[in-house]
Amino acid sequence: MQRSLSQIPAEVLRVTEKLQKAGFEAWVVGGCVRDLVLGKKPNDWDVTTNANPDEIQGLFEKTFYTNEFGTVGVVNEGIEDDTLKVVEVTPYRTEGRYSDARRPDTVVFSHKLEEDLKRRDFTINALAFDPSQNKLVDLYDGIKDIKDNRLRAVGEPRERFEEDALRILRAVRLSAELNFSIEELTKEAMKQTVSQLGKISKERVRDEFIRILNSPKPMKALLLAHSMGVLAHISPELEQGVGVLQNQAHKYDVFEHNMRTLQHAADKEWPLIIRLAGLFHDVGKPKARRWSEEKKDWTFHGHEVVGARMVKKILEGLKFPRETIDLAERLVRWHMFFSDPEKVTLSAVRRLINNVGREHIDELINLRICDRIGTGRPKEQPFRLRKYQSMIAQALQDPISVGMLATDGKRVMEVTREKPGPRVGWILHALLEEVLDDPAKNTAEYLEKKVVELAALPPKELQAKGEGGKEKKEEAQEEEIKEIRKKYFVD
Ligand code: ATP
Ligand code: MG
C-alpha cells in the first residue's frame, strides 16, 4: 500500500516540496490519496497546508484563486496531462456553521491538519500523505474502509449530511464509481436527510448524475438511489414506471426495463448520450398506457412522443447542455423505428436517417440494441439488425452517377457546342464508364480532352458508348450493394 503512495507525480511533489522548504507543512490529501491506494489514476490533485492563501500565492509563479474557500490553483506550465495542469492548494480549514445544507456560513482557516481531515466527507477521503516523510495520516480508519470496499461518513453521519446535502449524492456517485457499499449508519443518515437535496443546485445534481451514469454499474447505483429517496430528487418521472407492467413481450416493469437498457449501454462502454437515452427511452410509457380489449393486453401507442417531450423537460430542468437535450429528445422520439428488414423500404430508412440525422443514426441503432437487451431477451438478434444496418449503409451511400465526374453537362455543352439533349447524357455516361474503370482519369483536364473526342464520334457509336456507360453504372451500383452486404455479413 505504501508503494502505491510513492507514485506521486513530479508536478505535485514540486508543490509540496516548495511549501515545505519555505517552512510550511504540506500534505497530498483527499480523493487523490484514496485513488493512489486503490491503484487508480486520480482525476485531480489536492494539497493542504498551514500556509494561508497569500503565502501560497507568494511561493509560486503562476497561480489563481479557484473559489471562495481560499483554494489556490498552482499552474504547471507545459504539461500535457490535464489532471496535472493545476494542483489545488487549500489551507487547512475548519468549517463554521452551515445554515443552508450547502455551504458553510464562514470558512475558518486552521493550524491543524486534524481539523481539516475532520471536515471531509468520507473516511476514504480523509487521508493525508506527506511524500517527504513517507507518512500517511489516517485518523478515521479510511484504509480499512478502502480494503473493505466501504463508504462511511467521517464523524456523526446525520450531522455531516445536514451540513452539506451534496454529500448524499457524492456517496451514491462514489459507491457507483468505486463499486463500494455504503455502511449502514451512513445509509440511514442519508435517508433521514434526503429532503435537503432540494437545496442543492441543479448543476451540481447534474454533475453527480452524469458521473453515476458514466460509472460501470449505473443501474445498481440508481436502484440504490431509488431505495433511499435520492432518485426522486434527480428524476421522479423515472419512478412513475415502478410497478407499471408491460405487454407480454416484456419481463420487467417500465422502471426496471429503463434501468436495464441503461445498464447495457454501460456494459458496452457506450457514451453518455446512449446511457441517457437508454435510461429515459420509455419514460413516457406510464402516461401512454391503455388497455386493449381486442388484444387483451396493454398498449403504449405514442409513448415515444410523450417520452421525447418528457426527456426534454427533465434534462432542461437538470441544466444539461442544449445539444445533449436535443439529441436525447430525438433518440427517444425515434427509438420505435420499424426495423423488419424483410418489409422496410429503403425510402423509409432514408426518412429515419433524416429524422435523427446522418451522424446520429448509429446511436439510434445502439439504443435499439440496449432496448432489446433491456427486455430480458437473450439475444440482440444480430442477423436482422445487421441486415437493417446494411440498409442504412446503402441509404447513406452516395449514388453512383455522373454527378461524381470532374465535369458536368454545362461544361460539356460549352466545350462541344452541343445543344441540351440525349447526346450530352451519352457523353457523360461514356466518361463515367472510363472513370469507373480508372478513377485516376477523373480530372477536368483529361475529361475535357475526352469530351472533344466523344463529340466527334458518329451518332450511333456515341449512343452505344453512352448506353454501355449506363449499364456499367448499374453494375457498379449492384457491386457496391454487394460489398455493403458482405461487410455486414448478411449474404
Ligand atoms: P473525484 O476527484 O474523483 O471527483 P474526490 O473525492 O477527489 O473525487 P473532489 O471534488 O476532487 O472529489 O474533492 C477532493 C476532496 O475534498 C474529497 O476527497 C474530500 O476529501 C473533500 N471534499 C470534496 N467535496 C466535499 C464535501 N462536499 N464535503 C466534505 N468534503 C469534501
Ligand atoms: Mg479529486
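Points to keep in mind about this one:
- Residue among Gly198, Gly155 that alone is in contact (Cβ under 8 Å) with a residue 24 or more places away in the chain and either of a type in the set (Val, Ile, Thr) or more than 13 Å from ligand 1 (Cβ to nearest atom) (or both): Gly198
- Scanning the range 223-252 for residues that are of a type in the set (S, T, N, Q) and part of a helix (DSSP H, G or I) yields a single hit, Ser227.
- Of all residues in the range 23-51, those being within 10 Å of ligand 2 (Cβ to nearest atom) and either more than 22 Å from Val108 (Cβ to Cβ) or at pLDDT below 95 (or both) number 9.
- Within the range 268-307, being under 25 Å from Asp362 (Cα atoms), surrounded by fewer than 17 Cβ atoms within 10 Å (Cβ to Cβ) and in contact (Cβ under 8 Å) with a residue 24 or more places away in the chain holds for Lys268, Leu272, Val305.
- The range 196-217 - residue that is assigned to a helix (DSSP H, G or I) and of a type in the set (Lys, Arg) and, of those, modelled with the lowest pLDDT: Lys199
- Per the conditions (1) of a type in the set (Phe, Trp, Tyr); (2) open to solvent by 10 Å² or more (accessible area, probe 1.4 Å); (3) within 15 Å of ligand 1 (Cβ to nearest atom), the sole criterion not satisfied by Phe109 is (3).
- Neighbours by Cβ (under 9 Å, 6+ apart or cross-chain): first from the range 238-265, at positive phi; second surrounded by 19 or more Cβ atoms within 10 Å (Cβ to Cβ): Gly243/Val254; Gly243/Phe255
- Unmet requirement for Lys220, which otherwise passes all of (1) within 16 Å of ligand 2 (Cβ to nearest atom); (2) free of Cβ contacts under 8 Å to residues at least 60 places away in the same chain; (3) assigned to a helix (DSSP H, G or I): (1)
- Pair list, Cβ < 6 Å and 6+ apart or interchain, from the range 160-172 residues that are in a helix (DSSP H, G or I) to residues that are among the hydroxyl-bearing types (Ser, Thr, Tyr) and open to solvent by 10 Å² or more (accessible area, probe 1.4 Å): Glu163/Tyr98
- Tallying residues that are in a loop (DSSP other than H, G, I, E, B), within 13 Å of ligand 1 (Cβ to nearest atom) and closer than 19 Å to Phe180 by Cα within the range 121-145 yields 3.
- Qualifying residues in the range 24-47 (those that are near ligand 1 (Cβ under 6 Å from one of its atoms) and more than 25 Å from the chain's Cα centre (by Cα)) - the one surrounded by the most Cβ atoms within 10 Å (Cβ to Cβ): Gly30
- Boolean, Phe161 is touching a helix residue (DSSP H, G or I) at 6+ places or on another chain (Cβ under 8 Å) and within 16 Å of ligand 2 (Cβ to nearest atom): no
- Gly73 being under 25 Å from Asn179 (Cα atoms), assigned by TED's automatic domain parsing to the domain that holds Asp141 and within 16 Å of ligand 2 (Cβ to nearest atom): no
- Qualifying residue in the range 253-260 (condition: farther than 26 Å from Asn179 by Cα, modelled with pLDDT of 95 or more and under 22 Å from the mean Cα position of the chain (by Cα)): no
- Only listed residue being of a type in the set (A, V, I, L, M), over 20 Å from Asp398 (Cα atoms), without any contact (Cβ under 8 Å) to a residue 60 or more places away in the chain and in a loop (DSSP other than H, G, I, E, B), chosen from Leu447, Leu462, Leu457: Leu457
- Taken over the range 48-62, the criterion of being more than 14 Å from ligand 1 (Cβ to nearest atom) and touching a residue at least 24 places away in the same chain (Cβ under 8 Å) is satisfied by Thr49, Asn50, Ala51, Asn52, Pro53, Glu55, Ile56, Leu59, Phe60.
- Out of Glu55, Glu68, Glu61, one residue alone is open to solvent by 20 Å² or more (accessible area, probe 1.4 Å) and farther than 13 Å from Lys18 by Cα. It is Glu68.
- Unique residue being of a type in the set (A, V, I, L, M, F, W, C) and buried (at least 19 other Cβ atoms within 10 Å of the Cβ) when the list is Phe320, Phe338, Phe383: Phe320
- Within the range 76-89, being modelled with pLDDT under 95 and more than 24 Å from the chain's Cα centre (by Cα) holds for Asn76, Glu77, Gly78, Ile79.
- One residue stands out among those in the range 146-158 that are closer than 20 Å to Gly96 by Cβ and outside any helix (DSSP H, G or I): the one that is nearest to ligand 2 (Cβ to nearest atom), which is Val154.
- Residue check, Ile168 in the same structural domain as Asp35 (by TED's automatic domain parsing) and more than 16 Å from ligand 2 (Cβ to nearest atom): no
- Residues that are more than 13 Å from ligand 2 (Cβ to nearest atom), surrounded by 17 or more Cβ atoms within 10 Å (Cβ to Cβ) and of a type outside the set (Asp, Glu), drawn from the range 10-19: Val15, Thr16, Leu19
The values are calculated or read from the model by the stated rules, or taken from the named source; none is laboratory data. Because the structure is predicted, anything quoted here is derived from the model rather than measured. Using ideal geometry, Cβ is built from the backbone for each residue, glycine included, and neighbour counts are taken over all protein chains shown. Protein only, heavy atoms only, side chains kept; ligands, DNA and RNA dropped before computing areas. Shrake-Rupley method; radii C 1.70, N 1.55, O 1.52, S 1.80 Å.
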